[in-house]
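Asker: One structure, pasted below without further comment.
The values are calculated or read from the model by the stated rules, or taken from the named source; none is laboratory data. Keep in mind the model is a prediction, meaning the values are calculated, not measured. Every residue, glycine as well, gets a Cβ built from its backbone with ideal geometry; the counts of neighbours run over all protein chains shown. What goes into the accessible areas is simple: the full protein's heavy atoms, side chains included, and nothing from ligands, DNA or RNA. Shrake-Rupley method; radii C 1.70, N 1.55, O 1.52, S 1.80 Å.
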Amino acid sequence: QVRLVESGGGLVQAGDSLRLSCAASGRTFSYYAMGWFRQVPGKEREFVSAISAGGGSTLYAESVKGRFTISRDNAKNTVSLQMSSLKPEDTAVYYCAARQGTVVPDNRYAHWGQGTQVTVSS
């Protein structure tokens, strides 16, 4: 069982940067692939980025490639999402997720955090 808690969301202006963090509980965190997703009211949850257990492989949605960077610190049981050049369309509730096994660019993650709101004004 893994417990995930996101933080770092807030209100920013277009073009600004923001760093989201996800703190995970569990002694086996280093064996989980981690992902970031986002969702707005009325729309389905969207894949944003993911990273393999060892950090050697990363995946990004085309909409954020080149602007967002995912990273993890297994010694601190955290995964982060550095967001740059933010756009109004990035506004959403961001969730971190964990799964055992291979990193995948979809919703096949068994554990989810509560989410953190990111709002980008124009």
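Asker: Per residue, how big is the convex hull around the C-alpha atoms of the chain? Give it to me in cubic angstrom, could you? Don't skip to the answer; put the middle values down first.
Answerer: Values: hull volume 11.1 nm³, N = 122.
Cα-based convex hull of the chain, divided per residue, equals 91 Å³.
Asker: Between GLN39 and GLN114, what is the label-to-label distance in nm when each label sits 7 Å out along the Cα-to-Cβ direction?
Answerer: 1.6 nm
Asker: May I ask you to give the percent of accessible area on the chain that is carbon plus sulfur, with a probe radius of 1.4 Å?
Answerer: Numbers: 2970 of 6300 Å².
Of all accessible area on the chain, carbon and sulfur atoms account for 47 percent.
Asker: Something else: Which lysines, on any chain, are close to LYS87 with Cα under 20 Å apart, when same-chain ones fewer than 8 places away are left out?
Answerer: LYS43, LYS65
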